[in-house]
Amino acid sequence: MIEYHADDYGLFPEQSRHIIDCYRTGALNGISIMPNSPYLKECMDEIADIRGKLLVTVHLNIVEGKPLMDDKVPRLIDKLGNFNDSFVKLFFISYIPVLRLFYRRELRKEIAAQIKACEPYMNGDSFRIDGHVHYHMIPVVFDALMDVIKEKELKVSYIRFPREEISVYQKAKKNIKDVKLLNIVKVMVLNCLVRRNQRKYAEDLAGMNLERKMFMGVMFSGHMFYENVKALLPIAADTMADKGFNEMEVLFHPGDVSLETDIIQLTSKDDREFLTSSNRLKEAEALKKLGSNLKR
């Protein structure tokens, strides 16, 4: 099985309609939902008729917008009350003993609140979990997540471990383009963090009996265009067999933010640039073309 997945559902109503159109007319079969969005309920109500047909995942978010815990997490926000910690900052905080404890405590509060906010929209009695911009892989964030899972005795069926098989890209190098140096660095960093988190919590994760999925989507983050994905999928399928995986998650970001009233609400500069890019339309086009291929 291939899970064609879109992040950021529920951020804004119009943007979310662009995402769900990729289900109605394309290959999309999974979405991650934004727990702290004021529009989440509205967006989830809009897909009440098809929600059971989608793999719905909690998209833990400490990047964009305001926390659900407001002033109870002062280290995670700026003077305006918006999330304001970079990936690099939280990574280094993960290895500063006293500061790490303070952040872990606040992260536990916010993660617990975000998971609870998404509970009504989960299909079944378990949670699927990932993170906006993969922040959930940062050591102090992942430690806090595991704290919440254990303290709340949550049933979790899937946690996204965004570890890319670099060999797939090496074998397809003649047929792919737009590989960015920054994304290569991201893949290397995330692969290391995945290994750390899986090694540290090996016993807990084994006991949770999580779905094991191969993952693809960081190397071409922002550029998951049809020709690239088409070239990679056959090689990825062979690699799945070699690695003993039965499933794969392929990540897209087809939800472009196009309304000015929505754009001005974005608090993260990086999100604003990413979500308003015309590349979001190209990724939506890729999902629709993949859907057409599946129907043949």
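Just so you know, all these numbers are worked out from the coordinates, no wet-lab data involved. Everything numeric in this text was worked out from a predicted model, so none of it was measured. Cβ atoms come from the backbone with ideal geometry, glycine included; neighbour counts cover every protein chain shown.
Using the alpha carbon gyration tensor of the range 157-198, what are the three equivalent-ellipsoid semi-axes (square root of 5 times each eigenvalue), largest first, in whole Å?
So the equivalent ellipsoid measures 23, 12, 9 Å along its semi-axes.
Rank by packing, highest mean first: peptides 93-105, 183-195, 23-35, with packing defined as the count of other Cβ atoms within 10 Å averaged across residues.
Put in order of decreasing packing, that is 23-35, 183-195, 93-105.
Using a Förster radius of 41 Å, what is the FRET efficiency between residue 241 and residue 70 based on their Cβ-Cβ separation? Nearest 0.05, please.
0.25
What is the sum of charges around residue 175, taking Lys and Arg as +1, Asp and Glu as -1, for the other residues whose C-beta is under 9 Å from the C-beta of residue 175?
Net charge around residue 175: +3.
Magnitude of the Cβ-charge dipole of the range 138-268, K/R +1 and D/E -1, about the Cα centre, nearest 20 debye?
580 debye
Which value at 222 nm does the chain reach when only helices count, each DSSP H run of 4 or more adding -39,500 (n - 2.57), with the total divided by all residues and rounded to the nearest 500 deg cm²/dmol?
-14500 deg cm²/dmol
If the chain were replaced by its equivalent ellipsoid, with semi-axes equal to the square roots of 5 times the Cα gyration tensor eigenvalues, what would those be, largest first, whole Å?
Three semi-axes, in Å: 28, 23, 19.
I want to check the label-to-label distance for residue 170 and residue 45. Put each point 7 Å from Cα in the C-beta direction and report it in nm to one decimal.
It is 5.2 nm.
Might you report the magnitude of the Cβ-based charge dipole of the chain about its Cα centre, with Lys and Arg at +1 and Asp and Glu at -1, to the nearest 20 debye?
Dipole magnitude for the chain comes out near 880 debye.
Using the charge dipole of the range 142-290 (Lys, Arg: +1 at Cβ; Asp, Glu: -1 at Cβ; taken about the Cα centre), state which of 252, 148, 234 has its Cα farthest towards the positive end.
Looking along the dipole axis, the top candidate is 234.
Around residue 286, what is the net charge, scoring Lys/Arg as +1 and Asp/Glu as -1 over all other residues with Cβ under 10 Å from its Cβ?
+1
For residue 30, what residues show an amide H to amide H distance below 5 Å, using hydrogens built from the backbone and excluding near sequence neighbours?
4, 6, 55
For the chain, set up a Gaussian network in which alpha carbons nearer than 10 Å are linked by springs, and say which option among 203, 64, 283 fluctuates the most.
Judging by the Gaussian network model, the answer is 203.
Checking the cross-link filter: which lysines have an alpha carbon closer than 21 Å to that of residue 173, excluding same-chain neighbours under 8 positions apart?
186, 230, 243, 282
Got a sec? Charge dipole of the range 15-122, +1 on Cβ for Lys and Arg, -1 for Asp and Glu; which of 56, 93, 16 is way out at the positive end?
Farthest along the dipole direction, towards plus: 93.
Between residue 1 and residue 92, what length comes free when the chain is fully extended (0.36 nm per residue of separation minus the Cα-Cα distance, one decimal in nm)?
29.1 nm
Using per-residue counts of other Cβ atoms within 10 Å, averaged over each peptide, order 159-165, 196-202, 112-118 from highest down.
Highest to lowest by the protection proxy: 159-165, 112-118, 196-202.
What order do you get for 36-46, 250-260, 4-14 when each peptide is scored by the mean count of other beta carbon atoms within 10 Å, highest first?
Result, highest mean first: 4-14, 250-260, 36-46.
Between the alpha-carbon centers of the range 57-105 and the range 147-197, tell me the distance in whole angstrom.
21 Å
For the chain, return all DSSP H helices satisfying: extent of Cα atoms along own axis at least 20 Å; mean Kyte-Doolittle hydropathy at least -0.5.
TM-like helix candidates: 97-118, 181-200, 226-243.
Pull out the extension gain between residue 273 and residue 227, defined as 0.36 nm times the separation in residues minus the alpha carbon to alpha carbon distance; nm, one decimal.
Gain in length upon complete extension: 14.2 nm.
If you place +1 on the Cβ of every Lys and Arg and -1 on the Cβ of every Asp and Glu, how big does the dipole about the Cα centre of the range 1-158 come out, in debye to the nearest 20?
Charge dipole, the range 1-158, about its Cα centre: 480 debye, nearest 20.
For q = 0.10, 0.11, 0.12, 0.18 Å⁻¹, what log10 I(q)/I(0) does the range 129-269 give under the Debye formula with an equal point scatterer on each alpha carbon and no solvent?
Log-scaled intensity ratios, in q order: -0.40, -0.49, -0.58, -1.13.
Sum up the charges of everything whose Cβ sits under 11 Å from the Cβ of residue 160, counting Lys and Arg as +1 and Asp and Glu as -1, but leave residue 160 out.
-2
Provide the FRET efficiency to the nearest 0.05 for the residue 21-residue 123 pair, computing r from the beta carbons and using R0 = 22 Å.
The pair residue 21/residue 123 has a calculated efficiency of 0.60.
I'd like the projected area of the range 1-136, averaged over all directions, using the convex hull of its alpha carbons. Report it in nm² with one decimal.
9.0 nm²
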